[in-house]
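Engineer: Okay, handing you the structure first.
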Amino acid sequence: MERVLYERRGPIALLTLHRPEKLNAVDARMVAELGERLDEAAADDRVRVVVLCGAGRAFSAGFDLDMGEGSGIEFLRGELRKDFDVIMRFWDFPKPTIAAVHTYCLGSGMEMAVACDITIAAEGCRFGAPEVKFGSGIVALILPWVIGLKQAKELLLTGDDHVSAERALALGLVNRVVPEERCLEEALAVARAIAANDRVAVALTKQAINRGAEIMGMRQGLLQGLEIGVLAEAIETPESREFNEILEKQGAKAALAWQEARLARETAAEE
């Protein structure tokens, strides 16, 4: 089964994350297919705008926690760089990119949505970046450039993954919030409005906006953040070792419950 579906609707390329049984968690195969589909959209002169959405119950629960069979810091660096590059493809893409997100838009799935030029959110959609709960770093630290340092620190340091669509709108994380049944159609309507404009003027305007952020050091900052994220993945402590053992054997809920119970015990011991 394809991980990313591709459909051209006139001047719009619709890319659909297609791993619904896993809430569209992004694995290595999906990363590769996203790159291929984006290459296809970039090469097609009929395509003026790309819209990204998710099949099934959610947009994306983030990147798959399974890093594969390899080990060591160089392996981690290579895998995370692939993830980083596919997120930044939406930022760097020569044509406008729009994300239509519903139910869950978490972790690096949220980073992809943020990297898109415009994000349309469904009512009830939940946002957040829980990486610190799992001892992981952020792959593409683009959030502070979009919503500001204070708000980004609160979201990323707490690992809050219950941010409502309405708060996401207030933070500037998304552009619009609409009823879920209208989410994709709203994104397609915005795409059609962009596609009606002069192709070159649209491309150069996106380039000018992005270039301003690049001049302020965004790219260098993101690459430095990626390297720190590699260290976060590579460093193992007794706490992270036990957490990961529970995660592997019993799942994420059990591992997070163990983490909360450990903190409660440590707090009680100090009182």
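Engineer: May I ask you to list the lysines whose Cα is less than 22 Å away from that of Lys22, ignoring any residue fewer than eight positions away on the same chain?
Structural biologist: Partners within reach: Lys82, Lys133, Lys249, Lys253.
Engineer: Taking other Cβ within 10 Å of each residue's Cβ, how do Met216, Met30 sort, fewest first? Could you put the intermediate results ahead of the total?
Structural biologist: On the way: Met216 11, Met30 22.
Listed from fewest to most nearby Cβ atoms, that is Met216, Met30.
Engineer: Looking at the chain, what % of its DSSP beta bridges pair antiparallel, to the nearest 5? Walk me through the numbers on the way to the answer.
Structural biologist: On the way: 8 of 29 bridges.
Counting DSSP beta bridges with both partners in the chain, the antiparallel share is about 30 percent.
Engineer: Please report the spacing between the Cα centers of segment 236-271 and segment 169-206 in Å, no decimals.
Structural biologist: Computed from Cα coordinates, the inter-centre distance equals 42 Å.
Engineer: Still on this model: Just going by the charge dipole of the chain, with Lys and Arg at +1 and Asp and Glu at -1 on Cβ, which of Leu143, Ala121, Ala191 is farthest out on the positive end?
Structural biologist: Farthest towards the positive end: Ala191.
Engineer: What is the dipole size for the chain, taken about its Cα centre, with +1 at each Lys and Arg Cβ and -1 at each Asp and Glu Cβ, in debye to the nearest 20?
Structural biologist: Numbers: 32 positive and 43 negative charges, 201 e Å.
Here the size comes out at about 960 debye.
Engineer: Counting just the Cα atoms, what span does segment 109-193 cover along each of its three principal axes? Round to the nearest Å and put the largest first.
Structural biologist: Largest to smallest, the principal-axis extents are 40, 22, 20 Å.
Engineer: Here's a follow-up. What does segment 108-155 give for Rg and for Dmax, in Å, if only its C-alpha atoms count?
Structural biologist: That works out to 11.1, 30 Å for Rg and Dmax.
Engineer: Under a Cβ-Cβ cut-off of 10 Å, what is the net charge of the residues other than Arg29 that fall near it, where Lys and Arg count +1 and Asp and Glu count -1? List each step's numbers first, then the result.
Structural biologist: Numbers: positive: Arg3, Arg19; negative: Glu2, Asp27, Glu33, Asp64.
Spelling it out: positives minus negatives among the neighbours equals -2.
Engineer: Per q in 0.11 Å⁻¹, report the Debye log10 I(q)/I(0) for the chain, using one uniform scatterer on each alpha carbon and no solvent.
Structural biologist: At q = 0.11 Å⁻¹ the computed log10 ratios are -0.62.
Engineer: Which of Pro11, Ile73, Ala42 sits closest to the plus end of the dipole of the chain, meaning its Cα is farthest towards the positive end, when Lys and Arg get +1 and Asp and Glu get -1 on the C-beta?
Structural biologist: Pro11
Engineer: Still on this structure: Run the Debye formula on the Cα coordinates of segment 1-89, all scatterers equal and no solvent, and tell me log10 I(q)/I(0) at q = 0.21, 0.22, 0.26 1/Å.
Structural biologist: -1.01, -1.08, -1.31
Engineer: Work out how far the C-alpha atoms of segment 79-135 reach from end to end along every principal axis, then list the three figures in whole Å, largest first.
Structural biologist: So the extents along the principal axes, rounded to whole Å, are 34, 32, 10.
Engineer: Let me ask something additional. Report the local net charge at Arg81: Lys and Arg +1, Asp and Glu -1, summed over other residues whose C-beta lies under 11 Å from its C-beta. Display every interim value, and only then the final one.
Structural biologist: On the way: positive: Arg77, Lys82; negative: Glu74, Glu79, Asp83, Asp85, Glu227.
With Lys, Arg at +1 and Asp, Glu at -1, the net is -3.
Engineer: Among Val86, Ala99, Ser60, which residue has its Cα furthest toward the positive end of the charge dipole of the chain, with +1 on Lys/Arg Cβ and -1 on Asp/Glu Cβ?
Structural biologist: Most positive-ward Cα: Ala99.
Read the figures in this text as sums done on the coordinates, not as results from a lab. Note that the structure is predicted; figures quoted are calculated from it, not measured. Neighbour counts are summed over all protein chains in view; Cβ atoms, including those assigned to glycine, are modelled from backbone coordinates with ideal geometry.
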